[in-house]
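Bear in mind that the values in this text are calculations on the coordinates, not laboratory data. If you're wondering where the values come from, they're calculated on a predicted model, not measured in any experiment. Counting neighbours? That spans all protein chains shown, and the Cβs are built from the backbone with ideal geometry, glycine included.
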2 protein chains.
Amino acid sequence: MTAPDAALAYAREHRQAILEDLKSLLRIPSISSHAMGTSPAMLQTAEWIAGQLRGLGFEAVDLLPTPRNPVVTGEWLRAGPSAPTLLVYGHYDVQPTDPLELWTSDPFDPQVRGDNLYARGASDMKGQLVAHIKAVESLIRTTGLKVNLKFMIEGEEEIGSPDLEAFLRQHKDRFTCDLCFNGDSGILAPDIPSLTYGVRGLSYFEIRLTGPASDLHSGSFGGAVDNPAFVLCQLIAGMRDRRGRITLPGFYDRVRRVSKSEREELARLPMDEAWWLEKTGAPALSGEAGYTSSERAKARPTLEVNGFLSGFTGQGSKTVLPSKAMAKISMRLVPDQTPVEVRQGLRAYLEANAPPTVTWELEELSSCGPAIVERDSEAVRAASLALEAVWGKRPVFDRTGGSIPVVGLIQDLLGVDSLLLGFGLPDDNLHAPNEKQNLPNLFKGIEATIHFLSEIHK
Amino acid sequence: MTAPDAALAYAREHRQAILEDLKSLLRIPSISSHAMGTSPAMLQTAEWIAGQLRGLGFEAVDLLPTPRNPVVTGEWLRAGPSAPTLLVYGHYDVQPTDPLELWTSDPFDPQVRGDNLYARGASDMKGQLVAHIKAVESLIRTTGLKVNLKFMIEGEEEIGSPDLEAFLRQHKDRFTCDLCFNGDSGILAPDIPSLTYGVRGLSYFEIRLTGPASDLHSGSFGGAVDNPAFVLCQLIAGMRDRRGRITLPGFYDRVRRVSKSEREELARLPMDEAWWLEKTGAPALSGEAGYTSSERAKARPTLEVNGFLSGFTGQGSKTVLPSKAMAKISMRLVPDQTPVEVRQGLRAYLEANAPPTVTWELEELSSCGPAIVERDSEAVRAASLALEAVWGKRPVFDRTGGSIPVVGLIQDLLGVDSLLLGFGLPDDNLHAPNEKQNLPNLFKGIEATIHFLSEIHK
């Protein structure tokens, strides 16, 4: 392993300056909104990042426009064609701050209390962004940077990246790379370095059933016609069997097996059955037979009812036989499932099972593909060594059950995997009052990033 | 058959006076409300009825108080102990009138247009009430009344008779009788005399399931815990089998068979499968195997989902794994099912089938028993002959799929059956703008009531 001692020393010496830089970034209230056009605060934030990149000698530093907030770009390509090119993805926008009264200090007046820096965006993800920039700075100012970097820092992640797909399609050629390096993540605990190498995909649907033409009196008509709420219950109940397996046609055809070694890694996570019970507050755990809770929630596909509405749901009793019933259901996908095939399977299931007593509509409300970085890839090898170098122990390998649309988007449009390497903590109060960044963790993160950027080869 | 010719002649001669009396009753805006205490309009209406009974020489004419509106009572017991004693049940309150702008004429300014008299309460049920009173008057003023009558006319039926049970318990001894004679009903069409001899009961429940302690992110936790909306779908789907039979333990144990002759009668109803299709607007009919739609909706028990709510039901997608799910489900009961046994069956089903991954609560929101008058009873025989005498053809025998709580209440507290004999029509706009009473039908109804009161024996 290359020991980038000079860069590490630089980072340690500049901790106070790094903290002050992060604070100045956190003072800009870059709350994104769905409104078209951008705002002075967003522009100021984007300029702040562009200024950092320019200061480091990056080229092609730009604020490329979108219908809302610009994307900050910048390139460092001096490592040459034999070195890998990393796309550094991040976002400079933050969540809203309400309820403001629950904040101990002003969300845009960063305050250090104990080991933590409190401010909106401290962890999600201005802290991670500064960690990446300062790791790059530490290398450029000392031993030199041995990889090519292309920055792409958007300003709309907290509102669902509505303009990113069109932006990427438009600027695809500019972002050619070998790997996406995404800091919008964290580790499991301050003493548990971890690598998130997989994310689940999502297929989210609304199913609408209509039975009788209008709501009917359940006394006068009950028994003679089917009840769409009942039919929807039947259809949904039939989507899963007694062993917790999803029955939609072809659903498992492309599901990648969880290998023995992967199961061993997942078993190392600090999430045993007692943890899942406590975290969920459920009376008992359950799920697909033959898998642990961590495997079920992280590495296996699922089907959930996210919402169900039919008939009378107020206080008391109303003897209505409803005309309509609606459910929102979604599937979490794992490699190599695709939203297109899942939608086809659901449609085939409804075609085969919906009775002629109702009509139905199926609408796909959102979808994104699953993604995984091979654990024996160069990116995972380098990241693993980097974490071990800083924490003094081998990281655990995690997959997140959630979905990160940008990961799928970059896979689809640029054809590369994303390595998630950020240093937030589960208790950082993301999207909540009193968001914080643990500073020792931040400084360790900078060092791990230095190691990673020094370690990775093509 | 006794031919009460003089009474019939009296009724015919007094048609104009009867119409004017009905109009004067309809002018009083006796809309009931849930508020405690009564109102001048309610008292005036009650007094109007009491005045009619006093004018006919009834005894014990009273306005007996309840927490809201008084019950009008009065007795005619001069037919002696060998004659039957009928409890004449009715209500003098009416539904609200909104939306007022849809009325062609003022709801409390009764207007005759064509064959119909338009006013709120014209059919439900001041018209029927006046029909009964005027039939009694016609007999008393001519050949004499051969039955004993006890009137009990409440003022809260349109708000669900909230005080009637306590009232009946308090005054039980006063209302000892052989049969309840209830005019709060109608016939199937002007040329189809019909007798409603059965009503279904009702057991209405709310089931509430809780899974995780709070709503969870469906990505982070989906797969590891059960989803209460999914479990509720499973539980509900399991309540009915593929043949449309309800699977709750013991549900059919006390269901009285629909006899061959009863099925023949139901088949005579002007409600074939095409009628049910058109009336419901459903894409197709369905229900319990082996029964026609009329049998399913009138003479067989059913289970309906009246409402279902869980999770996110607004626009768009929210990836929530809901903590709670709620459904309102109700059963329509037929003789000799009881709400108590149905509740026990549902509870046993939930105990046997709800998984340990959720907790559940079951609340009974309302219930009333089913009721039937034996078709070979004296009451049905007399009513059938009365209808045939007026319409010139045998009536059809109908059972209503709805529930009439007062019928069960009187069965429970006084131990007698109710004969439903009213002369409303299906298109009378009950509870809607432009309520009407068909006048030829009203006058036929008075004559049929004269026949019935002359015909019935102990």
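With the cut-off at 1.5 for a/c, could you classify the range B:90-133 from its C-alpha gyration tensor as rounded, prolate or oblate?
Verdict is oblate for the range B:90-133.
Report the charge-dipole magnitude of the range A:309-397 in Debye, nearest 20, computed about the Cα centre from +1 at each Lys and Arg Cβ and -1 at each Asp and Glu Cβ.
It works out to roughly 440 debye.
Among the chymotrypsin sites (Phe, Trp or Tyr not before Pro) within the range B:11-83, which fall in a DSSP loop and have no more than 12 other Cβ atoms within 10 Å of their own Cβ?
Sparse-neighbourhood loop chymotrypsin sites (Phe, Trp or Tyr not before Pro): none present.
Output ³J(HN,Hα) for the range A:389-396: one whole-Hz value per residue in order, computed from phi by the Karplus curve 6.51 cos²θ - 1.76 cosθ + 1.60 with θ = phi - 60°, and x for Gly and Pro.
So the J values, rounded to whole Hz, are 5, 8, 8, x, 8, 5, x, 8.
For chain B, just give the cysteines left without a disulfide-compatible partner, judged by no other Cys Cβ under 4.7 Å.
Isolated Cys, chain B: B:177, B:180, B:368.
With +1 on each Lys and Arg Cβ and -1 on each Asp and Glu Cβ, how big is the dipole of the range B:349-458 about its Cα centre, in debye rounded to the nearest 20?
Roughly 580 debye, rounded to the nearest 20.
Let me have the relative contact order for the range B:391-458, percent, based on Cα pairs under 8 Å that are six or more residues apart.
With pairs under 8 Å counted, the relative contact order is 20 percent.
If you put +1 on each Lys and Arg Cβ and -1 on each Asp and Glu Cβ, how big is the dipole of the protein assembly as shown around its Cα centre, in Debye rounded to 20?
With only Lys, Arg, Asp and Glu charged at Cβ, the dipole is about 1540 debye.
Just subtract the alpha-carbon distance of residue A:376 and residue A:172 from 0.36 nm times their residue separation and send over the number in nm, one decimal.
Roughly 70.7 nm would be gained on extension.
With N denoting the number of residues in the range A:305-357, provide Rg(C-alpha) divided by 2.2 N^0.38 Å, to two decimal places.
Dividing the Cα Rg of the range A:305-357 by 2.2 N^0.38 Å gives 1.58.
Evaluate the distance, in nm, between pseudo-label points positioned 7 Å from the Cα of residue A:273 and of residue B:261 along their respective Cα→Cβ axes.
For the pair residue A:273/residue B:261, the computed spacing is 6.4 nm.
For residue A:432 and residue A:165, calculate 0.36 nm times their separation in residues minus their Cα-Cα distance, and state this gained length in nm to one decimal.
So the chain would gain 93.4 nm between residue A:432 and residue A:165.
Distances from residue B:35 to the same residue in each other copy, label points 7 Å out along Cα→Cβ, in nm, shortest first?
4.7
Of all DSSP beta bridges in chain A, what percent run antiparallel (nearest 5)?
70 percent
What shape does the range A:167-229 have by the C-alpha gyration tensor, where a ≥ b ≥ c are the square roots of the eigenvalues, rounded means a/c under 1.5, and otherwise prolate means a/b greater than b/c and oblate the rest?
oblate
Just the Cα atoms of the protein assembly as shown: what Rg and Dmax do they give in Å?
Values for the protein assembly as shown (Cα only, Rg and Dmax): 37.6, 122 Å.
What does the range A:78-226 give for Rg and for Dmax, in Å, if only its C-alpha atoms count?
Both quantities, over Cα of the range A:78-226: 24.2, 84 Å.
Provide A:146, A:458, A:328 in ascending order of the number of other Cβ atoms located within 10 Å of each residue's Cβ, fewest first.
Placing the least packed residue first, the sequence is A:458, A:146, A:328.
Per DSSP H run of at least 4 residues, take -39500 (n - 2.57); add these up for chain B, divide by its residues and hand me the 222 nm value, nearest 500 deg cm²/dmol.
It comes out at -10000 deg cm²/dmol, rounded to the nearest 500.
Divide the volume of the convex hull of the Cα atoms of the range A:189-270 by its number of residues and quote the answer in cubic angstrom per residue.
204 Å³
Check which residues have an amide H placed less than 5 Å from residue B:424's amide H, if you skip close sequence neighbours.
B:185, B:186, B:187
Hey, how much of the P(r) for the range A:227-331 falls beyond 20 Å, as a percent of Cα pairs?
Value for the range A:227-331 (Cα pairs over 20 Å): 55 percent.
Taking amide H positions as placed 1.01 Å from N in the peptide plane, with prolines and chain starts having none, which residues 5 or more places from residue B:112, or on another chain, fall under 5 Å of its amide H?
Result for residue B:112 returns B:118.
Using modelled amide H (1.01 Å from N, peptide plane; none on Pro or chain starts), what sits under 5 Å from the amide H of residue B:181, excluding residues fewer than 5 places away?
B:87, B:88, B:89, B:419
Which order results if B:359, A:449, B:292 are arranged by neighbouring Cβ count within 10 Å, fewest first?
Ranked by crowding around the Cβ, least crowded first: B:359, B:292, A:449.
For the range B:298-306, in order, what is each residue's ³J(HN,Hα) by Karplus, 6.51 cos²θ - 1.76 cosθ + 1.60 with θ = phi - 60°, in whole Hz (x at glycine and Pro)?
10, 10, 10, x, 9, 9, 10, 8, 8
Could you run the Karplus curve 6.51 cos²θ - 1.76 cosθ + 1.60 with θ = phi - 60° over the range A:283-290 and give me ³J(HN,Hα) per residue in whole Hz, x for Gly and Pro?
With the stated coefficients, the range A:283-290 comes to x, 7, 8, 6, x, 4, 4, x Hz.
Give me A:240, A:174 ranked fewest to most by other Cβ atoms within 10 Å of their Cβ, as a rough exposure proxy.
A:174, A:240
What percent does the relative contact order of the range A:154-277 come to when contacts are Cα pairs within less than 8 Å and at least six residues apart?
Dividing the mean separation by the residue count of the range A:154-277 yields 9 percent.
Arrange the peptides A:329-340, A:301-312 so that the one whose residues have, on average, the most other Cβ atoms within 10 Å appears first.
Going from most to least packed, we get A:301-312, A:329-340.
Given C-alpha coordinates of the range A:1-153, what is the ratio Rg to Rh with the Kirkwood estimate of Rh?
With Rh from the inverse mean 1/r over Cα pairs, Rg/Rh is 1.00.
Let me have the relative contact order for chain A, percent, based on Cα pairs under 8 Å that are six or more residues apart.
It rounds to 26 percent for chain A.
What is the mean projected area of the alpha carbon convex hull for chain A, to one decimal in square nanometres?
The orientation-averaged projected area of the Cα hull of chain A comes to 24.5 nm².
Determine the equivalent ellipsoid of the range A:291-401 by diagonalising the alpha-carbon gyration tensor, then write out the semi-axes as square roots of 5 times the eigenvalues, largest first, rounded to whole Å.
They are 43, 18, 10 Å, listed largest first.
Quick check on the range B:327-458: what does the Kirkwood estimate of hydrodynamic radius come out to from the alpha carbon pairs, in Å?
Mean inverse Cα-Cα distance, inverted, gives 18.2 Å.
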